[in-house]
Amino acid sequence: MWHGDLAPITIGVVVLITLNAFEAIGSSTAMPVVARELGVLADYTWAFNAYTVASLFAMVVSGLWGDARGPRGPLIAGITCFFLGSVVTGAAGGLTMLIIGRGLQGMGGGAVLVSAYLLIARAYPESLRPKAFSVLSAAWIVPSIVGPFIAGWLADSMSWRYVFWIVPILIIPVAVLLLPRVGPYQGGEVHPKWRSRLLAGAVATLGLFWLQDGALRLSPLGYAEAIVGIVVLLLAVRKVLPPGALLLRRGLPASVMMRAFFAAAYFSAEVFIPLALVQIRGLSTTMAGLTIAVSAVAWAGGSYLQSRLSASDDRSTSVRVGAAVLAASIVTLPLSLHDSWPTWAAGVSWVLASAGMGLAVPSISVQVFRLSPEHDQGVNSAAIQIVDAVGFSVAVAVLGIGYATAVAQGGATAGTFTGLWLASAAIATVAVVLAGRMRPRIPR
């Protein structure tokens, strides 16, 4: 499948993404134990927010750096930050050290993702990029299935600290394999607006912080802070996206923005699935988690289908099909909350939703790089990761406020979760309508 030096590059990138996936899944599994042992349950969500906020700025920096110097520099920086962050998080004795460690992990994770996408754009011929993105999707399968069990066993039988200390040990041989082979893929010119983009990235990061902090306060002042955060975030982030992205201008700008719709729809629905099954249907936490554990397999299956398409073809149709499958799947989730339906119906819905994501998300990446000039591949690689984070954060924060309001008014019901999922499905439906704008306008 791969030729020349691409085989070790492929192996290195896949293992790197697999370790990143294991860290994400393992930390989610172990974090309740971490928060309880460190006595920081009240600030539990900042263990995740610190990661997201730090990764946003790292994506902006690594995109500019990669275009100017090639993927090697940001990849080294990302691996180093990820290594140090994992060590610090595992050694944390309190909230401050935990947030610092998670922030370093976020910086590393953001830089690694952008560098991996840029490396695919630089190292792989256009005809192989769909297969490369399909392989990246497959890298999530094993961590998604075994990650919760391994992390849970380590946290219960040994110590939660080993969940984070495993990654630094394993990441060293990956760096030894990958980094010597990245050198030939150099950058080009420094982006003419790099200073304004860095400033915009810093402001967008601040806006994301305000959004997440305000959404957690569950008070009128907190909601006002969250609204200010959203406004600041959107005003700043438009500076680090292709011109016209927030207006969904045809071609590259709209293609980048499609990632935001998919991330917002899929992940805002997913976060409430285990919660709904536990609260409404009485499932155990383990069984509720297993309902979505196989989603990575379905995602990889959808990604394999898109890899059979030509890299030179317009991908708007496959993205539209993926969005339609995603919307229809989310709409069926409320059925699993009714006693007349089996709880595993949620698993069926989510397998189909994940297949739709697998078909669409790599197709968006293929389209973005097909339409990107080589000197902008780094910033556009960062752009699709940035809109992922922004779409996810905004949607989860807004729907989280809706859920918290329901709890404050007497408790979440099946109707509460139905309303939240219908909102997520509406976002996916918007993606169905707008997918055609990924096609560039044909000059007359």
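Remark: spin-label model distance L248-T405 equals 2.4 nm, labels positioned 7 Å along the Cα→Cβ axis. Every helix of 4 or more DSSP H residues in the chain counts as -39500 (n - 2.57), and over all residues that averages to -26000 deg cm²/dmol at 222 nm.
Given contacts defined as C-alpha pairs under 8 Å and at least six residues apart, what's the relative contact order of region 245-438, whole-number percent?
Details: 300 pairs, mean separation 79.3, N = 194.
Once normalised by length, the contact order is 41 percent.
Sorting K131, K239, K193 on the 10 Å Cβ count, fewest up front, what's the list? Before the final figure, lay out the partial values.
On the way: K131 20, K239 17, K193 14.
Ranking K131, K239, K193 by Cβ neighbours within 10 Å, fewest first, gives K193, K239, K131.
Rg of the Cα atoms in region 191-240, relative to 2.2 N^0.38 Å, amounts to 1.26. Just so you know, the Cα atoms of region 127-168 work out to an Rg and Dmax of 14.5, 47 Å. Report the normalised scattering of region 245-438 as log10 I(q)/I(0) at q = 0.08, 0.09, 0.18, 0.19 Å⁻¹, calculated by the Debye formula with identical scatterers on the alpha carbons. Scattering profile of region 245-438, log10 relative to I(0): -0.27, -0.34, -1.14, -1.23.
Label separation (L199 vs A426): 3.7 nm, computed from points 7 Å beyond Cα along the C-beta direction. When only alpha carbons of the chain are considered, Rg and Dmax amount to 20.6, 68 Å.
Read the figures in this text as sums done on the coordinates, not as results from a lab. Since we're looking at a predicted model, the values are computed, not measured. Please note: Cβ atoms are built from the backbone with ideal geometry, for glycine as well, and neighbour counts cover all protein chains shown.
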